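Take a look at the structure set out below.
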Amino acid sequence: MPIPYYKAAALATCCMQTLVISTVLASIAANSATAKNNDIPLHFTEGAISSVVTGKLNHNDNERWYRFDATIGQYTVINITPLTGTSETANVGVLHMPNGMQDGSKGGIVYQSCLPATGTYRLRIARNLMATEGKIAGYKVEVMVLPTYASQPLCK
């Protein structure tokens with residue numbers, strides 16, 4: 001018994017969508033693996049709950065990546081402020097989480113919540129491409145990660 005045309009068309013459409021999605025996901029995974037090798041590790045001195053980094057993006061750089069390890073349920077705040085002496089600010093911060101989720105925003109506090117997974121977190125700092133003149137964009141980023149025992153009351 002032949003398949004009706006509308007069912008065959010729907011099946012073909014579904015197969016094409018699956019193929020496109022698979023290709024996109026494979027591409028993202030490949031790019032993500034390559035980028036991780038260039039991530040700058042954030043260093044927390046022993047007993048410290050925060051790490052501060054400063055940096056500059058040259059006119060041809062749009063982003064810089066950092067990484068740190070954390071545990072599920074740790075309360076975290078990430079704040080981006082301008083870097084003195086630079087004419088532009090790289091004010092976009094996006095936290096990429098080990099479970100595939102991401103969260104962030106522009107300027108100021110870009111993340112403030114309890115971490116959803118244990119593993120390596122990647123922080124993307126970027127210039128706002130809609131509000132840039134392509135000059136050197138500076139930034140100062142503070143990443144605060146509370147210890148698990150101090151996070152428990154905040155993460156209930």
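Things to note:
- Histogram of C-alpha separations across the range 36-105, 5 Å bin width, %: 3, 11, 23, 27, 20, 11, 4, 1
- Where labels lie 7 Å past Cα in the beta-carbon direction, separation of Thr71 and Ile40 in nm: 2.8
- Accessible surface calculations at 1.4 Å, restricted to protein heavy atoms, place the range 47-156 at 52 Å² per residue.
- Solvent exposure ordering (accessible area, 1.4 Å, most first) of Asp103, Asp39, Asp61: Asp103, Asp61, Asp39
- Net charge of Cβ neighbours under 13 Å - reference Lys56; Lys, Arg +1; Asp, Glu -1: +1
- If you wrap the range 84-156 in the convex hull of its Cα atoms and look at it from every side, the mean projected area works out to 5.9 nm².
- Here the range 82-108 is scanned for amide nitrogen atoms under 16 Å from the site 7 Å beyond the Cα of Asn128 along Cα-to-Cβ, giving 82-83, 87-94, 104-108.
- Full extension of the segment from Asn60 to Ile109, taken as 0.36 nm per residue of separation minus the current Cα-Cα distance, would add 15.1 nm.
The values are calculated or read from the model by the stated rules, or taken from the named source; none is laboratory data. Computed from a predicted model, the values in this text were never measured in an experiment. Reconstructed Cβ throughout: ideal geometry from the backbone, glycine too, with neighbour counts over all protein chains shown. SASA here: full protein model, heavy atoms, side chains in, ligands and nucleic acids out. Shrake-Rupley method; radii C 1.70, N 1.55, O 1.52, S 1.80 Å.
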